[in-house]
Structure formats: structure tokens, C-alpha cells
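Have a look at the structure below before the remarks.
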Amino acid sequence: MLVAFEAGGLLRSLVLFVSYPLVWLVGEDQLGLKIMVFLTLFGIKKDTFRIGSAVLPKFFLENMGWEGFEAIMRCNKKVASSKLPRAMVEGFLKDYLGVEGVIARDIKSFKGYFLGLFEEKKENNTPTHRYDEATAGNDNTISITGSHIEYIDQELFPYFKKVCLMLSSEERRNWHVLPKERYPKPLIFHDGRLAFRPTPASSLAFFMWLPLGLFLSICRFTFGTALPFNLSAPVLAFSGTRTTLSRPQNPLSLVQNEENQKGMLYVCNHRTLLDPLYIAYVLDKPLSAVTYSLSRFNELVAPIRTIRLTRDRERDRETMDKLLSLGNLVVCPEGTTCREPYLLRFSPLFAELTDDIVPVAVDVKVSMFYGTTASGHKCLDPFFHFMNPNPTYFIKILDRVPLSETCLGGGRSRIEVANFVQREIGNALGFACTSLTRKDKYMILAGNEGVNEGPCHNCK
């Protein structure tokens, strides 16, 4: 269901959901699995299929048992087998569990598109074993080679010094969920629109909610962009949206320096495309916003001035300086969104512009859809966010950056100022600061550097 929705869209996921009674009747492990794989992958472009590495790891980790994970990590060398297609599991197993080999079946393809059918098994499909000097006497080494397996041959057991037995679903229910702090490596980036695990029950609730959610999304988006905040806020709150605002204890810290001829610069972390809009609403001040990627549609309907940056340092500096001379400005120096409790590296360009810098900590909570994407259509981001039953925004305005921590007044370097602001926002939210960048995110999730090739690329 998850792969069908993310790779094939709503109609494909609906067809798969409706077919579940048939899958249940014929058995989910044999013919039923083949039916699900066919409905999910038929016609999907092979080269752009990144669900296994960009979307599924989050759900695999959330569904992993603590006991099973500890047993796996005790071994120095690991080989995994799965009934799922290799394209779905190989990325997660190698990147997060350190598996050296994955025994799973491939999907047939034709002219770059999946056919949805498993590759035929080779004649010698029973795994062979290597038991040589490299593996002899090593209790933590199990070496299995082969094409595809659906079970481990009992003849291999005498050669194994440690054997993992398959557990039933009832036994696995008694396992504890693996805590996030025990993940083999932090889950910082993941893609996909669905924010929930699509079990049969939750999938039914999803399809029942969809018509109302779409109606609410259109209404919320229309009222939010067409009406001033004092009028749209009650309507949005009545529809189920939540906004929590926290201001500094000393309101004088937000008062602009009279000697400064420029506006106030608000620097926030980036959670969704709507961050500048919410900040403008809660401050009840006219603001301009600069961003690295914005769809033409969202640029046209935005109720505040939005300017695209070019990634040319001098040109962007002139643009931001001009906007500051005209009034208040909000900037997201991360350059891209991050869903998890981490902050990406802050671009230090903003630190050179003014000493009147106010950090703003932003967080978003959703239950059904993510309002961000790395590989999808960004013009739909606000609609997906507003399709959640109760989308919640947390905005915490922090104290203005002390003059001693600025470039012009304190003699700090622009990198020091950027790192200071990042730490302040991270401490306010309880987020971890990283040195990762927009380029790192897009290389992991989309296989590119996140640079627009043209105005129509993914609606950018």
C-alpha cells in the first residue's frame, strides 16, 4: 500500500486496497504476494524508483523489534533474505543494518519499466555455503551465497555455529519497538507523502477521510491565502488547524534599533513551505520571504512577497539587502526542509546583512500527510499539509541575537553568527544541529543535487 501510493499514486493504491480480500483468500505469502507486487510495481519506471532507500527505511525502523535488532547486530557479518522484491529492501538492509548480501528476487523490466513479475528462479536456486579458513572458528560469521531463496536449506544448518529461527507473528508481537535513540544511524532524511503506517484498518480510514480532507484542504488554503490573519485564524481553527505561539519574556528584545535603517531579519528553521506565512501571521507584520525553491503557482497565490534566490552569493546578498531596506524579512538558511528533529547547516549569508536578527523556532506536527517532498510535486505541498485532520504549527520567537554575537557590532564572523543562531533554535526545539546541507538531502532522497533544471521541474 505504501509503495503503491508513493510510486504509483492514489488510484493504484485504491486498486491494491480493494484487492486485499482476494490476496487474503489466496494467501499473502505466495500467490497473494505476487498479486500485490504486480499491482504495486507494474509500469513504474525502474531508474527513478527510490522508494526502497528514500521512503521505506523510516517504516522498517518503526516496525523493527528491539530484541530482533540486538540479535542481528551481534553478528559481524550478516546476510539477509526476504520475500519482498530486492528493490524494496536492499537499501534499508545495507544502509541501516550493515548487511553484506541480500538474497531476494528481482522484478522483471522492459525498456526501463517494471513489469510487476518476479524474475524466474535459476536452476541452482539453493544457497551454497562457504566454510573456509576465513569463516572457520568465527562464531559471528555466516556466509550464504545463492540466487533466490524462500527458505534456508536444512542441510546448511550443520555448518552454522549460530542459527536464527523464524518467529511467528504471535511471538513477534511480544517484542518491544526499537527506540529511535538505538537506531544504527540517525534517520534524518526520508521522503514520501504518507505520515502513517498503512495497515488495513488505517488504509480504510485513509480512503474514508480523503474526500473530506480534500474539501478541507481547499477551504483552508483558500481562506488562509485570501483573508487577513485576524479573519482567517478563527476559520482555520474551527476547521481543525492548530497554531501555538511563544514570545520572549522581554518584548523589548524585538524592538528594532532606531539607528538601523533596515527592517528586522527573522531567521527560522525550515519545516514546510508555509513557515514564512505563519510567521507573518503570528507577528501581524508585513514580511517578505526569500526561498531557494518555490513553485510558480505558490509564488502567485502567496499573500506575502516571495523572492527566489539564485545561489549566486553576490546576487542573493544584493537581493536580501534590498528587501531589508524595504521592510522586515524572513529567511530559512537551511535551504530545504527537514522532517525529523535535526537542523541542517545554516547558510551564513544572512549574518552579513544586519545586526537586528531574531531567531524563530518552528515545528510542525502532522498525522496523515507530509507537506514536503524531495521528489514529488512541490506545488502540492500546502494542500497535503492542510489535508491532515489537525495540522499543528509551533512557533517560538526567541530573543534577538545579542549585539556581541553579530558581525557588524560584535566582530563575529558570519559563520560564527550562523552557528550561534542554529544552536539557539536547536536548544529551543530540542533538535540536534548537524552540518548536513540541501545537497546532502537531495543526493540521499532523489539522487540529484536539488538544483532546478527549469521552471517546470517538479512544479518548481
For this session: Would you mind telling me which numbered condition in (1) at pLDDT 90 or above; (2) touching a Lys or Arg at 6+ places or on another chain (Cβ under 6 Å) Leu287 fails?
Result: (2)
For this session: Restrict the check to the stretch 386-398 and report whether at least one residue is in contact with a Lys or Arg (Cβ under 9 Å, 6 or more places away or on another chain) and surrounded by fewer than 17 Cβ atoms within 10 Å (Cβ to Cβ).
Result: yes
Exercise. Would the stretch 44-52 turn up any residue that is assigned to a strand (DSSP E or B), modelled with pLDDT of 90 or more and surrounded by fewer than 19 Cβ atoms within 10 Å (Cβ to Cβ)?
Worked result: yes
For this session: Identify the residue in the stretch 367-379 that is of a type in the set (A, V, I, L, M, F, W, C) and surrounded by 21 or more Cβ atoms within 10 Å (Cβ to Cβ) and, among all such residues, is nearest to the chain's Cα centre (by Cα).
Result: Ala374
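How do the helices (runs of 4 or more DSSP H) wholly within the stretch 342-460 filter down when requiring 2 or more residues that are within 17 Å of Val330 (Cα to Cα), in contact (Cβ under 8 Å) with a residue 12 or more places away in the chain and assigned by TED's automatic domain parsing to the domain that holds Glu299: which remain?
Working: elements: 381-386, 414-429, 438-445.
Helices (runs of 4 or more DSSP H) meeting the threshold: 414-429.
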Exercise. What tally of residues in the stretch 305-341 results from selecting those that are closer than 27 Å to Gly411 by Cβ and outside any loop (DSSP other than H, G, I, E, B)?
Worked result: 17
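For Val23, indicate whether it is farther than 14 Å from Phe206 by Cα, touching a residue at least 40 places away in the same chain (Cβ under 8 Å) and not in a loop (DSSP other than H, G, I, E, B). Please lay out each step first, then the result.
Details: farther than 14 Å from Phe206 by Cα: yes; touching a residue at least 40 places away in the same chain (Cβ under 8 Å): no; not in a loop (DSSP other than H, G, I, E, B): yes.
Judged against the criteria, Val23 is not a match.
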Problem set entry | Options Ala71, Ala80: the member that is part of a strand (DSSP E or B) and either in contact (Cβ under 8 Å) with a residue 60 or more places away in the chain or closer than 25 Å to Thr199 by Cα (or both) | Ala80
For this session: Please verify whether the stretch 264-271 includes one or more residues that are at pLDDT 90 or above, closer than 17 Å to Ala351 by Cα, among the polar types (S, T, N, Q) and buried (at least 20 other Cβ atoms within 10 Å of the Cβ).
Result: yes
For this session: State yes or no: is Val330 in contact (Cβ under 8 Å) with a residue 60 or more places away in the chain, closer than 24 Å to Thr225 by Cβ, buried (at least 18 other Cβ atoms within 10 Å of the Cβ) and in contact with a Pro (Cβ under 7 Å, 6 or more places away or on another chain)?
Result: yes
Seminar exercise, completed: Filtering the stretch 340-379 for residues that are within 18 Å of Gly9 (Cβ to Cβ) and among the charged types (D, E, K, R) leaves a count of 1
For this session: Within the stretch 406-442, count every residue that is of a type in the set (Gly, Ala, Ser), surrounded by 15 or more Cβ atoms within 10 Å (Cβ to Cβ) and within 14 Å of Pro348 (Cβ to Cβ).
Result: 1
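The values are calculated or read from the model by the stated rules, or taken from the named source; none is laboratory data. Small disclaimer: the values here were computed from a predicted structure and weren't measured. Cβ: placed from backbone, ideal geometry, glycine included. Neighbour counts: every protein chain shown.
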